Structure formats: C-alpha cells, structure tokens
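Take a look at the structure set out below.
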Amino acid sequence: MCDRLSPIISDFSTDLDGWTLADHDPSSTLTYVATGGESGGYIQFSDAAQGSNDVFSAPAKFLGNDSAFSHGTLSFALAHNQTADDISTSPLVITAVSGDTLALILTAPATSNSPFAWTDYSLGLNPSTGFVFDGGTNSSAGFNLSGGSAATQAQIDAVLGNVASIFIPADMHTGIELTGLDNVMLTSAIPEPANWGLLAGAVTAMLVMFPRRLT
C-alpha cells in the first residue's frame, strides 16, 4: 500500500488543473470555463469532428502508485450537449506502465446545453463495477474496447500499482459536440489519518455504552 490516503481532486475552481486532451483531433480544443459547473468552474472539450476518439487525460497527480485507492472510488461529473450515440466505442480507460488496461463503457450522460445538466459517476475500483482487463487497443484514432475479460481485484490492484494514464471519454457523438468534465476525485476506501481519532472515539463510546458483562 502507498501512503496516498487523502483524496486526489480536480474541482476546476481556477483552471484546467493540468488536464489535457489525448488521441485528439488537431483542431479540437480544451478550455477552462469559470462558471456553469457543478460548483463553479469546469473544463470543456469542443470537438472538431475530424475522426479521432478524443479523451480527457488526467494530470500527473492522479498517476503513479495508486494502490491506496484499491476498493476505493473514481468519481467525476460529465455534461454533454448532443445525444451520446457514440459512447459505446468511448470507454473510460486506466492504463498501467506495463501496458495493461482497465476499461469501462459508461452510461450516457444527460443531454443539455446552456446551461449543462451534469451527470455524476461513482466507480468502485473493484470487480463489481464491471471493468474489462486488457480489452481493446489504443491507436491514433483512440481507444476501442473489444475482447478482454472481467477484471479481478488482483488485476485491478496491479494496474493501480503503477498508473500511466487515466482517460475519461470526451468524444461521445458522431459530429461536432461539447463535453464538460467536473469534480474528478480518487477516494480511498480507508479513512484518512485525520479521521482515525474520530473512529477510535466512536468505538470507545460504543464500548462505554455497551460494557462487556463479567461472568
């Protein structure tokens, strides 16, 4: 286990926070928008619709040894202004330095514009979420999911142990589109050290309330 128990967060309160586009059309853009997110700012992908399967790419703070987030949660919010008719070929992908991948097709976000309606995603980093291990290929046209097998916890943990990239789908429509991303968070299933004292106090209080009977 690593010691990264505190959540890793991009709430886009001031800027892009290091997020970029990957596998993207040369004319597609990623911009920071100061208002209209779930709680302030967000980042917005504008699709040039030139064939590539664009994805939001996480900055360095989300990468590396993420073992502490095993059984934890990857959460974020997406917004989209077109029907997400191409989401079945636009998986979320976590890649390891080894080349192994975890991939997942998301349910389509709500469709709206001016303002966006936000759809929240909370993905448990465990087999019940339905990640596919080593499914599909990554090319200049983007990552396409095919084949692979249901990811086990051991495989999920192996990928989390040395994360090279986290890709969240941006391109979900055949044609020009706008996609917003907000409130990305990696959360551990283990309480932060600051909360351990609170938990210990709660346990102590329960023991006082329900003392063990002596026989």
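The values are calculated or read from the model by the stated rules, or taken from the named source; none is laboratory data. Keep in mind that this is a model prediction, so the values were computed, not measured. Because the Cβ atoms are built from the backbone with ideal geometry, glycine has one as well, and the counts that use them run over all protein chains shown.
Mind checking whether some residue in segment 55-76 is over 14 Å from THR179 (Cα atoms), modelled with pLDDT under 95, crowded, with 20+ Cβ neighbours inside 10 Å and in contact with an Asp or Glu (Cβ under 9 Å, 6 or more places away or on another chain)? Scanning segment 55-76 turns up no residue that is over 14 Å from THR179 (Cα atoms), modelled with pLDDT under 95, crowded, with 20+ Cβ neighbours inside 10 Å and in contact with an Asp or Glu (Cβ under 9 Å, 6 or more places away or on another chain). Quick one: in segment 109-125, which of the residues that are small (Gly, Ala, Ser) and assigned to a loop (DSSP other than H, G, I, E, B) is modelled with the lowest pLDDT? Looking at residues that are small (Gly, Ala, Ser) and assigned to a loop (DSSP other than H, G, I, E, B), I get SER114.
Does ILE105 satisfy being touching a residue at least 24 places away in the same chain (Cβ under 8 Å), touching a helix residue (DSSP H, G or I) at 6+ places or on another chain (Cβ under 8 Å), under 21 Å from ASN183 (Cα atoms) and among the β-branched types (Val, Ile, Thr)?
yes
Return a yes/no flag: does segment 37-45 have any residue that is in contact with a Gly (Cβ under 8 Å, 6 or more places away or on another chain), closer than 19 Å to SER188 by Cβ and in contact (Cβ under 8 Å) with a residue 60 or more places away in the chain. No; the residues of segment 37-45 include none that is in contact with a Gly (Cβ under 8 Å, 6 or more places away or on another chain), closer than 19 Å to SER188 by Cβ and in contact (Cβ under 8 Å) with a residue 60 or more places away in the chain.
Quick grid of which residues meet (1) modelled with pLDDT of 95 or more; (2) in contact with a helix residue (DSSP H, G or I) (Cβ under 9 Å, 6 or more places away or on another chain):
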| site | (1), (2) |
| --- | --- |
| ILE8 | yes, yes |
| ASP11 | yes, no |
| THR35 | yes, no |
| SER39 | no, no |
| GLY51 | no, no |
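Restricting attention to segment 102-129, the residues that are surrounded by 13 or more Cβ atoms within 10 Å (Cβ to Cβ), over 14 Å from the mean Cα position of the chain (by Cα) and within 18 Å of LEU160 (Cβ to Cβ) add up to 1. A search for C-beta distances below 8 Å between a residue of segment 116-133 that is touching a residue at least 12 places away in the same chain (Cβ under 8 Å) and on the phi > 0 side of the Ramachandran plot and any residue that is surrounded by 19 or more Cβ atoms within 10 Å (Cβ to Cβ) and among the aliphatic types (A, V, I, L, M), counting only pairs 6+ apart in sequence or on different chains, returns GLY130/LEU104.
Out of the residues in segment 80-99 that are over 14 Å from the mean Cα position of the chain (by Cα), surrounded by 17 or more Cβ atoms within 10 Å (Cβ to Cβ) and modelled with pLDDT of 95 or more, state the one that is farthest from ILE166 (Cα to Cα). So that I can check it myself, show each step before the final result.
Our first condition is that a residue be over 14 Å from the mean Cα position of the chain (by Cα); within segment 80-99, this holds for 80-89, 96-99.
After this cut, where a residue has to be surrounded by 17 or more Cβ atoms within 10 Å (Cβ to Cβ) as well, the list is 80-82, 84, 86-87, 89, 96.
With the extra rule that they be modelled with pLDDT of 95 or more, the set shrinks to 80-81, 96.
On the way: HIS80: 20, ASN81: 23, ALA96: 9 Å.
It comes out as ASN81.
Among the residues of segment 139-154, those identified as surrounded by fewer than 19 Cβ atoms within 10 Å (Cβ to Cβ) and not small (Gly, Ala, Ser) are ASN144, THR152, GLN153.
Looking only at segment 161-180, filter to residues that are surrounded by fewer than 21 Cβ atoms within 10 Å (Cβ to Cβ) and within 14 Å of the chain's Cα centre (by Cα); which one of those is farthest from ALA96 (Cα to Cα)? Looking at the filtered set, the residue picked out is SER165.
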